[in-house]
Amino acid sequence: MTTTDPVRAGRREWTALGVLVLPTLIVAMDLVVLILATPALSAALRPSSTQLLWITDVYGFLIAGSLVTMGTLGDRIGRRKLLLTGAAAFGAASLLAAFAPTAELLILARALLGIAGATLMPSTLSLLRSLFADPAQRTFAIGLWVTTFSAGTVIGPLVAGILLQHFWWGSVFLLNLPVMAALLVVGPRLLPEVRNPAPGRFDVPGAALSVLALLAVVYGVKRIAEDGADPVALLVPAAGVAIGAVFVRRQRRIADPLLDLGLFGSAAFSTSVVVNVLLGVTLAGTFLFVAQYLQLVIGLSPLAAGLWLIPSTAGIIAGSLLTPVLVRRVPAPRLVSGGLAVAAAGLVVIARVGAEPDLALLIAGTVVLGIGAAPASTLSVDLIIGSAPPERAGAASAISETGNELGNALGIALLGSIGVVVYRGAMAERIPAGLAPHDAAAAADTLAGAHSAASALPPAAGAGLVDAATRAFASGMQLAAWVAAALAVVLALAAPVLLRRPLTRPAAPPTTRGR
């Protein structure tokens, strides 16, 4: 080994990785645990429809909006310190959520969970860089991190379903407590404290602008997906873009910017961020349709539908574990391109699923999609983290996670809107006479609404309505999958060129204290 060879991680570092993936799993699970708890929660707290939307969405909104601020804050005060502080706050907010007596308090608790979750995500990812200096080991560690996050979104509904069979709705939040307690106990012993040795002044106005910009954009695209492009839905994201422009201008002019825009001067860094966003679009948008197809077309229960999503998670795990092996033989840009091409193939398979229930073809498509998405996701995150100077790893991690969260919101909005437009167009002339206006509007709007409205019709007419709605939904899902596949193919062709020259820049070593 020469003096330039990176130090390889040992048992202590791999044990620390096990500690770091636990909060990642919990944060991902908390994005989805309320899916099954909503009926029981609604019966207990009786929230209004607006309150119920905020209970569901405010967590993801505040994670997305706070990531950049928290990632940069970790670079300044220390990433371990921010991680442990966030873990304590996450545990306290979980208790508040579990025992919230009113909808208003539950919204507050979910908001606090979102802010605390934003401290955990960039901290765990940036600490991986400090723990794993060897590129091959770091790629494997990030692959496990990506897999854990993906697994959390599948495990969440399953665990929630089991808890809700035996306990009250708030029990889904108590699962957070032992994990956060374990992190607080073992974290100080295993995790290094790393910070920027010369952070400069913290840009408070910039932090406020970044939060407002991201909240507005994410809220706007989600509103468009749910309610259509009404004036408010269009104005809010436009305002977010304008605030973002002010934020970017400020970052270019001040001495100590919150966000190092110089990172985007690298085509490799910028392309990796775009890949991250696109993967969020593809996965979130596609699985929005898959979850509905499993329940409303095939007729599975929510728990059974969750179980059938496990093979796609297995595909993600397989792809993530293969990535460190493949990257030794195939250059990273080509592997990212190949992963996107495989993901596109999975989307083409999904696009062939029609109105006749075809569970085998659907699951095959999601597995292929997961296998392809995993190396593209792992290596794009690795390139983002690896191309940033060590003292800015927290900010780079936050950019990576913000891109993914923004991609999730855009995927639900863009691909979801494609499905809605196709569905509504196909159903415009297929609503049977005799339905009450409320039922007719519901049937013309969503497949779930058509199922509900069918119960008010004679059996033959109801079956005809469900059949027409199923075909309309399948057509929307097919077009959305084709669009996602086309996006993946375009980026697969561009990735080898744009990722050819990664960013290299001198950097001072980070300040590291005892582990």
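The values are calculated or read from the model by the stated rules, or taken from the named source; none is laboratory data. What you are looking at is a predicted structure, and each value in this text was computed from that prediction instead of being measured. Cβ atoms come from the backbone with ideal geometry, glycine included; neighbour counts cover every protein chain shown.
Yes/no per residue for (1) surrounded by fewer than 18 Cβ atoms within 10 Å (Cβ to Cβ); (2) in contact with a Lys or Arg (Cβ under 9 Å, 6 or more places away or on another chain):
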{"site": "Asp439", "(1), (2)": "no, no"}
{"site": "Pro458", "(1), (2)": "yes, no"}
{"site": "Ala474", "(1), (2)": "no, no"}
{"site": "Gln478", "(1), (2)": "no, yes"}
{"site": "Val490", "(1), (2)": "yes, no"}
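Could you check how many residues of segment 161-178 are farther than 14 Å from Ala93 by Cα and within 22 Å of the chain's Cα centre (by Cα)? Full working, then the answer.
Filtering segment 161-178 for residues farther than 14 Å from Ala93 by Cα gives 161-169.
Of the ones still in play, those that are also within 22 Å of the chain's Cα centre (by Cα) are 161.
The number of residues fulfilling the criteria is 1.
Test Leu465 against the stated conditions and say whether it is within 20 Å of Gly354 (Cα to Cα), buried (at least 19 other Cβ atoms within 10 Å of the Cβ) and either in contact with a Lys or Arg (Cβ under 7 Å, 6 or more places away or on another chain) or assigned by TED's automatic domain parsing to the domain that holds Thr286 (or both). Answer is yes for this residue.
Here Ala100 clears all of (1) at pLDDT below 85; (2) not in a helix (DSSP H, G or I) except the condition numbered (1). Looking only at segment 273-299, residues that are of a type in the set (Ser, Thr, Tyr) and within 16 Å of the chain's Cα centre (by Cα) come to 2 in all.
Taking (1) modelled with pLDDT of 70 or more; (2) more than 16 Å from Thr402 (Cα to Cα); (3) surrounded by fewer than 21 Cβ atoms within 10 Å (Cβ to Cβ) in turn, Gly228 satisfies each apart from (1).
Might you check whether a residue that is in contact with a helix residue (DSSP H, G or I) (Cβ under 7 Å, 6 or more places away or on another chain), modelled with pLDDT of 85 or more, buried (at least 19 other Cβ atoms within 10 Å of the Cβ) and of a type outside the set (D, E, K, R) occurs anywhere in segment 234-242? Scanning segment 234-242, I find at least one residue that is in contact with a helix residue (DSSP H, G or I) (Cβ under 7 Å, 6 or more places away or on another chain), modelled with pLDDT of 85 or more, buried (at least 19 other Cβ atoms within 10 Å of the Cβ) and of a type outside the set (D, E, K, R), so the answer is yes. For residues in segment 301-327 being aliphatic (A, V, I, L, M) and touching a Gly at 6+ places or on another chain (Cβ under 6 Å), which is surrounded by the most Cβ atoms within 10 Å (Cβ to Cβ)? Across segment 301-327, the extreme among qualifying residues is Ile316.
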